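Read the figures in this text as sums done on the coordinates, not as results from a lab. Note that the structure is a prediction, hence the values are computed from the model and not measured. In this analysis, Cβ positions are derived from the backbone assuming ideal geometry, glycine residues included, and neighbour counts consider all displayed protein chains.
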């Protein structure tokens, strides 16, 4: 019985992680400004990594492999937001920031 419960929770975490990555892909295609694209992918990347790692740890149980996966995930959870912030800072200093947000300029879909 415990094997099915572990499989159910593992599958639920995996589906949540994959859904986060799909939402990031849709956000990257939908938004026209680079800052909005980076924001949608950075948030979903962090959530997706966390959910997929939890899925693997729940499925494998407590083991040395699970500890290594958690260590890699923690490293990725620290480095992913930092690298996204550095890319956003470069874009900001280049002058590619979204001015006039909410006024029809600089963000959202490019319908024209």
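Taking the beta-carbon count within 10 Å as an exposure proxy, list 16, 29, 51 from fewest neighbours to most.
29, 16, 51
What distance in nm separates the simple spin-label points at residue 86 and residue 29, each placed 7 Å from Cα in the Cβ direction?
3.0
As a footprinting exposure proxy, order 13, 78 by other Cβ within 10 Å, with the fewest listed first.
78, 13
Please find the FRET efficiency linking residue 4 to residue 72, where r is the Cβ-Cβ separation and R0 is fixed at 30 Å, and quote it to the nearest 0.05. Mind dumping the intermediate values first?
Working: r = 28 Å, r/R0 = 0.92.
After rounding, the FRET efficiency stands at 0.60.
Quick check on the exposure proxy: order 63, 28, 55 from fewest to most C-beta atoms within 10 angstrom. All intermediate terms of the calculation are to be shown ahead of the outcome.
Working: 63 10, 28 14, 55 21.
Listed from fewest to most nearby Cβ atoms, that is 63, 28, 55.
Of all the Cα-Cα pairs you can form in the range 2-94, what percent are over 19 Å apart?
Working: 2093 of 4278 pairs.
Value for the range 2-94: 49 percent of Cα pairs lie more than 19 Å apart.
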